[in-house]
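See below for the structure under consideration.
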Amino acid sequence: MKTSKSSYKRLLIVSYRLPFTIQQTDNGPELKQNSGGLVSAVLSMAEQMGQNQGDQSTKIHWVGHGDASMQQENAPALENETFVAHPVFMDEAVHKGFYEGFSNDLIWPLFHYFPSYASFRETDFDSYQQANTRFLEELNALIEPGDLIWIHDFQLMLLPEMVRQAVPDATIGYFFHIPFPNYEIVKLLPRTWRQALIKGLLGADVAGFHTNDYVQHFLQSVSEVLALPIIEQRIVLPDRSVVVKDFPISVDFNKFNTSGQDTTVANTRQHYQNLLRQNKIIFSVDRLDYTKGITYRLLGYERFLDQNPDWHDKVTFVITVVPSRDTIPQYQEIKREIEETVGRINGLFGTIGWRPIVYSYNSLSFPELMALYTACDIALITPLRDGMNLVCKEFVASRYDNKGVLILSELAGAAQELPEALIINPTDKQEVADAIKQGLLMPAAEQEARLIKMRNHLQNHNVFRWSSDFLTAFDNLKTTQSTLETDLPIQPFINAFSDAQKRLLLFDFDGTLAPLINDPAQAKPSEEIRKSLHTLAENSDLVVISGRNRAFLEKTFAGSPVHLVAEHGAFLKKPDQPWERLDLSADDWVDTVRSTMEEFVSRFPGSFIEEKETAIAWHYRMAEADDIEAQANDLAGQLRRADSSIPLTVIQGSKVVEVKPALHSKGTVALSIFEQTPYDFIVSIGDDTTDEDMFRQLPNWAYTVKVGPGTSFARYHLARQRDVETLLQRMSDVLVEA
Ligand code: GDG
């Protein structure tokens, strides 16, 4: 069933690992995809996008690190009916620093709350940047209009922004498979690294995490590191926004639900049960990793055996550890620790006929894994930290018989979705021992009741739902971003500008020349805008016309031959001349307004008052109340109703309520400037309500341009602040060429 309105042409997936092997067949080498959950999810996503498998133009392209089997000689086999593999090759030393170093020896431990295992090496960060650039090069050569690019995981955090720079209009999704930790952890990264990583992720249109906790942590870091405004779960950038949302990954429920009855699985299950003499079976399987809590798990089992001698000889813990990263010393160390602990417990409790723990350091075939999922009485899944953990979901999905007990760590992302498991803290040996006992004694009816609830949940929230929800998030994004449209006829505009003899350019500052950010003091135009302004000001009368105070504008535009208008028309400064005060209104109204605003400051922490020479403003971008916009309306209403000696204007801008004398405005100053000189070209650009005064006062033939969505007196619109930069660049290029 198609649930999405998505109209993407092709799917380009990027992940560190390529899910393919090159297999030798009678027809020569062939590309085979593995049967993992991500591949299934991607296939179903392509189907939802309406793609026909086997259609050359809509094959799924997958970019990932290339191993030796994908070298040149096998290049013809890098494509099958459905997929095209694009291996990324890189210098071995760069790969080591990127993958073993920055990814596995820094981000992995740090983001799983093991800071003492983290190694901070500058050379690794360099390699990480270089490797992400290598991925970009490979990907960039592929991107076509209409593609949906989906980037995966912590090895590629810089890539979304790199793609955004290379192809500004690309549609980019990003999914983070490990926990996103709270800011206290992120803060351990050097400032430049954390800025680069967070900015890197913001290149995406949709950034997905497993749980809402990780979403909140990420937003907290965005706010701390980059001070960007966040509206609900949307990060507002100058020219677009990033949707941040939880998408809990899951498993192919039906595959696990039905495979338990396959003959091979049933035979293997029988075989294991016989080997273990029909003992109760506790089972776990994980990659070798310190995050998986394997040693604590063994100690919990030891406590259980110690306290429950009546269970000796009646239970066996089958623990499989899958080889992973074992060239890294920390992994060798935990392997040694696990094997020592297994040996010690077996030595302590075992008898000639009974091994309490059957340990293997190996991987299992799919039928073996299924046989153990369906043979066991307890699945003991106790990570110290896990982004999601698919093993526990696979166990639940496998239990078509509604039998068995899941013991699950509260520190796995999956714990939030599976509250009917016996939820434990993995470091609490007693809690683990008690849960094992409770699980072994749990009546069949209770096992069934718990499993039915969990299975219902996973049946509805399977891996196809995961990819489908992710895809749908782009539809929502399109709806909100498509309201922003540019209708300024660029070429006629540039021609008129170029042909003119006497030009007047009136530009607002915040939201027009500079992006809107949380801390107004930090707002500044980009280098490109600065350069363009300089060229334009040398050939035109260029006025920056702003609500900002004199000092700020003078500092921001120091050395630039522009005219400055401060405080909405209260002050004017021509190039190389002193400021003139245009507003001569009395200021006896300020005290009353200030005290009303002060009440709001004390009620809404994070908000503050800015006093200008002729105006006073309450800024609330950083205030935390849910109903802050309603509160701002309330304040504006109170201020409008208040008595005053002179007429006042109350301006509601972007996260600011400002009061100023009504006598002057951006409109009055614009009018007085243009009346002094016979201009034959005027353009005025602004994004805020105060710019409307300027649009209204200018003659009909002037180009008045509103930035961003919303109704306006302006004749034209530019979609985004970034478009101002492009427009000014084109205007200045014309002058340079002429
Ligand atoms: C990361 C995050 C997140 C394991 N051993 C064998 C085997 N497996 C399969 C399991 C399962 C997968 O590997 C392991 O997935 P997990 O989710 O449990 O853990 P990570 O590998 O650490 O994965 C994690 C995940 O990404 C997805 O976003 O859930 O939190 O750390 O599918 O079945 N499969 C077979 N033999 C084995 O020996 N056949």
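Of the options Q216, A617, I378, report the single residue whose Cα projects farthest towards the positive end of the charge dipole of the chain (beta-carbon charges: Lys, Arg +1; Asp, Glu -1).
Positive-end residue among those listed: I378.
Can you tell me the length gained on complete extension of the stretch N460 to E611, counting 0.36 nm per residue apart and subtracting the Cα distance?
Gain on extension, N460 to E611, equals 48.8 nm.
Can you pull the one-decimal nm distance between simple spin-label points at N700 and R121, each 7 Å off the Cα toward Cβ?
Label-label distance for N700 and R121, simple model: 7.2 nm.
Taking H as built 1.01 Å from N, whose amide H comes closer than 5 Å to the amide H of F89, not counting residues under 5 places away?
Those lying under 5 Å, H to H, from F89 are G66.
Taking the chain as the reference, fit the longest principal axis to its C-alpha atoms, fit the long axis of helix 721-737 to the helix C-alpha atoms, and give the angle between the two in degrees, 0 to 90, nearest 10.
60 degrees
How many nm is it between the label spots at D428 and V736, if each spot is 7 Å from the Cα in line with the beta carbon?
For the pair D428/V736, the computed spacing is 6.6 nm.
May I ask you to derive the FRET efficiency for A500 and E580 from their Cβ-Cβ distance with R0 = 30 Å, giving the value to the nearest 0.05?
Between A500 and E580 the formula returns 0.65.
Round to the nearest 0.05 the FRET efficiency obtained for Q278 and D26 when R0 = 51 Å and r is the Cβ-Cβ distance.
So, using R0 = 51 Å, E works out to roughly 0.70.
E339 to I490: extension gain in nm, 0.36 nm per residue of separation minus the Cα-Cα distance?
On the way: separation 151, 0.36 × 151 = 54.36 nm, distance 7.05 nm.
Once the chain is fully extended between E339 and I490, it gains 47.3 nm.
Kindly identify the chain as rounded, prolate or oblate by the Cα gyration tensor criterion: order the square roots of the eigenvalues as a ≥ b ≥ c, call it rounded if a/c is under 1.5, otherwise compare a/b with b/c, prolate if a/b is larger, else oblate.
Details: a/c = 2.76, a/b = 2.01, b/c = 1.37.
Judged from the Cα gyration tensor, the chain comes out prolate (a/c at least 1.5, a/b above b/c).
FRET efficiency for E527 and Y113, Cβ-Cβ distance as r, R0 = 45 Å, nearest 0.05? Can you show the working numbers first?
On the way: r = 39 Å, r/R0 = 0.86.
In this case the efficiency is close to 0.70.
If you count only protein heavy atoms and use a 1.4 Å probe, how large is the accessible surface of H217, to the nearest 10 Å²?
Here the accessible area works out near 40 Å².
Heavy atoms only, probe 1.4 angstrom, no DNA, RNA or ligands counted: give me E81, E337 ranked by accessible area, highest first.
E81, E337
Apply the Karplus curve 6.51 cos²θ - 1.76 cosθ + 1.60, θ = phi - 60°, to the phi angles in segment 462-467 and return the couplings in whole Hz, x for Gly and Pro.
Going residue by residue, I get 8, 5, 6, 4, 4, 6 Hz, with x marking Gly and Pro.
Specify the angular offset, from 0 to 90 degrees and rounded to the nearest 10, of the alpha carbon long axis of helix 444-460 from the longest principal axis of the alpha carbons in the chain.
Between the helix axis and the principal axis of the chain, the angle is about 40 degrees.
For a 23 Å ceiling on Cα separation, which of these pairs sit above it: K524/K573; K187/K655; K280/K393; K292/K429; K32/K255; K59/K96?
Cα-Cα > 23 Å for K187/K655; K59/K96; rest within.
Could you look at segment 502-583 and say what percent of its accessible area is carbon and sulfur, using a 1.4 Å probe and all protein chains?
Details: 1500 of 3160 Å².
Here carbon and sulfur together make up 48 percent of the probe-accessible area.
Mind checking the dipole of the chain: about its Cα centre, +1 per Lys or Arg Cβ, -1 per Asp or Glu Cβ, Debye to the nearest 20?
Dipole of the chain, to the nearest 20 debye: 1200 debye.
If amide hydrogens are placed 1.01 Å from N in the peptide plane, which non-local residues have theirs closer than 5 Å to the one on F317?
The list, which skips near neighbours in sequence, is I282, I357, V358.
Taking the Cα centre of segment 198-275 as origin and charging only Cβ (+1 Lys, Arg; -1 Asp, Glu), how large is the dipole, in debye to the nearest 20?
That gives a dipole near 140 debye.
Report the full-extension gain for the segment R594 to T689: residue separation times 0.36 nm, less the Cα-Cα distance, to one decimal in nm.
32.0 nm
Straight-line reach from K403: which aspartates and glutamates have a Cα under 18 Å away, not including same-chain ones fewer than 8 places off?
Reachable aspartates and glutamates: D262, D377, E394, E420, E446, E448.
Among the DSSP beta bridges whose two residues both lie in the chain, what percent are antiparallel, rounded to the nearest 5?
About 30 percent, rounded to the nearest 5.
Using a 1.4 angstrom probe on heavy atoms only, work out the carbon and sulfur share of the accessible area of segment 1-135 in %.
Values: 2960 of 6180 Å².
Result for segment 1-135: 48 percent of the exposed heavy-atom area is carbon or sulfur.
Considering amide H positions built from the backbone, and no H for Pro or chain starts, which residues 5 or more places from I616, or on another chain, come under 5 Å of its amide H?
It is V659, by chain and number.
In the full protein assembly as shown, how much of D401 is accessible to a 1.4 Å probe, in Å² to the nearest 10?
Approximately 50 Å² of D401 is accessible to the 1.4 Å probe.
Could you report the chain's accessible area per residue, 1.4 Å probe, as an integer in Å²?
42 Å²
If you fit an axis through the alpha-carbon atoms of helix 429-441 and take the longest principal axis of the Cα set of the chain, what angle between them do you get, 0 to 90°, nearest 10?
With both axes taken from Cα atoms, the answer is about 60 degrees.
If you roll a 1.4 angstrom probe over the protein chains with everything in place, what fraction of the accessible area of segment 590-661 belongs to carbon and sulfur, to the nearest %?
Heavy-atom surface of segment 590-661 belonging to carbon and sulfur, 1.4 Å probe: 48 percent.
Only helical DSSP H runs with n ≥ 4 go in: add -39500 (n - 2.57) per run for the chain, normalise by residue count and round the 222 nm mean residue ellipticity to 500 deg cm²/dmol. It would help to have the intermediate numbers written out before the result.
Values: 25 runs with 292 residues, N = 738.
Taken over the chain, the calculation gives -12000 deg cm²/dmol.
Once you place label points 7 Å from the Cα toward the Cβ at A662 and D519, how far apart are they in nm?
Reported label-point gap for A662 and D519 is 3.8 nm.
The values are calculated or read from the model by the stated rules, or taken from the named source; none is laboratory data. Quantities reported herein were computed from a predicted structural model and do not represent experimental measurements. Neighbour counts run over all protein chains shown; Cβ positions are idealised from the backbone, glycine included. Areas reflect the complete protein model, heavy atoms only, side chains present, ligands, DNA and RNA absent. Shrake-Rupley method; radii C 1.70, N 1.55, O 1.52, S 1.80 Å.
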